[in-house]
Amino acid sequence: MKDTPMAADRTTGTIYINPKLYSKLSIFEKKFWDQHEKGHIILNTSDEIKADTYAFNKLAGTEFRSLKQMIEAAENLLNENCPYHQERIDNLYALALKWDREHPQLNKAISTKNIAETGNAINNALETMGAYMLGAVNAGASASNNAAKTTTLGTTLSTSTIVIIAIIAFMLIK
Ligand SMILES: [Zn+2]
């Protein structure tokens, strides 16, 4: 409980809160980590990626920017220099991309700004997603199309274009 705002005891089904760290979370971050801990208990697993995925499935589409907020919640708490933490963040990117494709009428979860900034994370996420998509030939093809698009974006956009897009994206987010 030292450096985590919440923890679950699966033997008793109890969720514990570290008040000092919990109070620093946004309302949505509290929802996300609450669902994450419930995931540990309901799925009876110590697997962090399964608990993250449980929380994602509970909260995706429940409010404006829900997918982005989940990725932000994970990035705020997890250390990107830790390979397992990076794997968890990549899993959330993969789930967000998959959710976007399944809900094409809604706005894209991952904006052009994020693609410009996190090209590697998205490529990793797409690789992770490849594993999900092995069963479906069409979906697999579109995943590789996305990967190709991501690469093109990363290499052909000039710096000034990225800056302009970033400024517009920032204004929209604000
Ligand atoms: Zn956990």
Which members of the range 63-89 meet the condition of being surrounded by fewer than 19 Cβ atoms within 10 Å (Cβ to Cβ) and either of a type in the set (F, W, Y) or touching a Lys or Arg at 6+ places or on another chain (Cβ under 8 Å) (or both)? F64, L78, Y84
How many residues, within the range 8-46, are loosely packed, with under 15 Cβ neighbours inside 10 Å and within 15 Å of A74 (Cα to Cα)? 3
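Every residue, every condition in (1) outside any helix (DSSP H, G or I); (2) within 12 Å of the ligand (Cβ to nearest atom); (3) closer than 23 Å to K24 by Cβ, yes or no:
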site	(1), (2), (3)
G39	no, yes, yes
T45	yes, yes, no
I49	no, yes, no
D52	no, yes, yes
K58	no, no, yes
G61	yes, no, no
K68	no, no, yes
A74	no, yes, yes
R88	no, yes, yes
So, in the range 15-37, exactly how many residues are part of a strand (DSSP E or B) and closer than 19 Å to K50 by Cβ? 1
Checklist (1) away from the ligand (no atom under 11 Å from the Cβ); (2) out of contact with any strand residue (DSSP E or B) (no Cβ under 7 Å at 6 or more places or on another chain) applied to Y16, failing item: (2)
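All of the numbers you see were taken from the coordinates with simple rules; none came from a lab. Source: prediction; values computed, not measured. Here the Cβ is made from the backbone with ideal geometry for all residues, glycine too, and neighbour counts use every protein chain on show.
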